[in-house]
Amino acid sequence: MRPTGPPRIKSPAQLIADSGADLEGHGLKRTMGLFQLVCFGVGAIVGTGIFVGLSDSVAEAGPAVVVSFLLAAITCIFTAFSFAELGSAIPVSGSSYSFAYATLGERVAFLVGWCLLLEYGVSVSAVAVGWGQYLNELLDSLVGWRLPDALSSPPGDGGVLNIPAVVVIGLAAVLLVRGIRESARATAVMAVVKIAVLVLFCAIAFRAYQGDNLAPFATHGVAGITSGASVAFFSYIGFDAITTAGEEVKNPRKNIPLAIMICIGIVTLLYCLVAVAAIGALSADQVAGQPAALSLIVDRVTDSAVGGGVIAFGAVVAIASVVLAVMYGQTRILMSMSRDGLIPHVFEKVSPKTATPVANTWIVAVVFAVPAAVVPLDVVLNLTTIGTLAIMVVVNIAVIALRRRYRGTDSGFRVPLYPLSPVLGVAMCLYLIWGTGWTTWARFAVFLVVGAVVYALYGRRNSRLAAAPADRGGPDGPHGPVTGPATPGA
């Protein structure tokens, strides 16, 4: 048996240098400012989780769903600190994949990238699945006509083939290949629209607020709150997508941490207000299990389909913006993995005309349109949640490894209450993983095993880092040491 040797690690300095290399025309341009980055973050977060998934969280936790949202938010905050420091120290497009490569080694990095297929790729499918439900609500309010359930609902909810899910993924792909500037502008507009719609929902729903609807509060006990938090966590997935834009952000060491914190604050406030307003307007039993709950609530409160149509319009815009932002993140992660030789070369190619990874984008669109069309929503949501939580465990460990391995690294942000904060982040993520249930653990274990096999058969053999001494003219290569500490200030 061949010895594995020490872990293959890329220093932050080498990751940054490699990301800036334009040897084959795959460079990206820094065009995004703080406002655009915040809008991109909000665009990646607010969507199916609150517009479609709220009813699932309510079904688990009852009126205590507000506590579930807060619990999920606290988990995100601890991990957001770690993402902010890592994103500031290593401002490249690979997000948690690159962070793991710099701190824990290539094998862990590949498995993180593999899990990111769940957080970004599969979540595109999950988000797109919910688009058809609100599209029908909008069509019903505008023209009194709906798409047949067989062609607009997820399998398991009366659907056979979810055509709207495929359409929204295709539209996002078209916009992404046109260029990051156009995508950022579209995301900013859509982010403003959906925040305005959620604020409007709260204003309408609070008119019918009844305090009695919140009693009894924790109808399913602590276990229900935990399960509700695991479901509600899906509503927060996407804030880390901000770090995937590391190579296209102006002043990333300052703007990435700031954008992460602003996004978490905005989204947590919005979600808690929406949850209280929803349960206050209708009882938890009436909200639970309703796929387009927000439109239903507004229709009941206003006794008209017009208000529900406005909410449905907001949901259609919101979910489309999430598909756009998350697909963007997935393509940038695959680009980083391709640069390292861990996946085929086609994913790193960028069009010199649009400065976007065109082939990469269309491959992602086609591959993840399939589960969006034919896979039941609950399976996709649970796998996305556990995959994301596992990544966040690694990120919290990675920030500790960064401090220990690269002393003196230049970061625009430092985790407060270190090392308590990342340790609590790990604990909170493991707690929510526990709440996903054993069937989800089993599916995730199989997924990891498949990833390990892919790495052994392809990634390890084709790694450019392993070939560095031969290909780059020496053991250190042109960008500094292949393993070991980064240069201080890198």
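Can you check what the net charge comes to around residue 277, using other residues whose Cβ is under 14 Å from the Cβ of residue 277 (Lys, Arg +1; Asp, Glu -1)?
Working: positive: 207, 300; negative: none.
Local net charge: +2.
Mind checking which helices in the chain clear 18 Å along their axis (Cα) and have mean Kyte-Doolittle hydropathy of 1.0 or more, DSSP H runs only? Could you put the intermediate results ahead of the total?
Details: long enough: 65-89 (36 Å, 1.92); 123-143 (30 Å, 0.77); 163-178 (23 Å, 2.52); 180-205 (37 Å, 1.69); 252-281 (43 Å, 1.76); 305-339 (51 Å, 1.45); 358-374 (25 Å, 2.05); 377-405 (41 Å, 1.48); 420-434 (21 Å, 1.95); 438-454 (24 Å, 1.63).
The answer, listed by residue number, is 65-89, 163-178, 180-205, 252-281, 305-339, 358-374, 377-405, 420-434, 438-454.
For 428, 327, which order do you get if you count the other beta carbons within 10 Å of each Cβ and list the fewest first?
In order of increasing Cβ crowding within 10 Å: 428, 327.
Could you tell me the center-to-center distance, by alpha carbons, between segment 243-317 and segment 390-408 in angstrom?
Cα centroid to Cα centroid, the span is 31 Å.
Placing unit charges on C-beta atoms (Lys and Arg positive, Asp and Glu negative, everything else neutral), compute the dipole magnitude of segment 31-469 about its Cα centre in debye, rounded to 20.
Here the size comes out at about 1680 debye.
What are the extents of the Cα atoms of the chain along their three principal axes, listed from largest to smallest and rounded to whole Å?
Cα spread of the chain along its principal axes, largest to smallest: 74, 46, 44 Å.
Using the Karplus equation 6.51 cos²θ - 1.76 cosθ + 1.60 (θ = phi - 60°), what ³J(HN,Hα) coupling, rounded to whole Hz, does each residue of segment 340-348 give in order, writing x for Gly and Pro?
Those phi angles translate into 8, x, 7, 9, x, 4, 4, 6, 9 Hz.
At 4 °C and 1.567 mPa s, what whole-number value in µm²/s does Stokes-Einstein give for the translational diffusion of segment 81-216, with Rh from the Kirkwood sum over Cα pairs?
69
Below 8 Å between Cα atoms, with a sequence gap of 6+, how large is the relative contact order for the chain in percent?
Relative contact order of the chain: 32 percent.
Hey, could you pull the Cα Rg and Dmax for segment 342-433, both in Å?
18.7, 50
Please list 454-465, 292-303, 355-366 highest first by mean number of surrounding beta-carbon atoms within 10 Å per residue.
Values: 454-465: 16.4, 292-303: 21.4, 355-366: 19.8.
So the peptides 454-465, 292-303, 355-366, ranked by packing, come out 292-303, 355-366, 454-465.
Around residue 44, under 15 Å between beta carbons, what's the net of Lys plus Arg minus Asp minus Glu among the other residues?
That sum, taken over residues with Cβ under 15 Å, equals -1.
So for 60, 85, fewest C-beta neighbours within 10 Å to most, what's the order?
The order, fewest Cβ neighbours first, is 60, 85.
Values in this text are rule-based calculations from the coordinates and carry no lab data. No experiment lies behind these values; they were computed from the predicted model shown. Ideal geometry is used to build each Cβ from the backbone, glycine not excepted, and the neighbour counts take in all protein chains shown.
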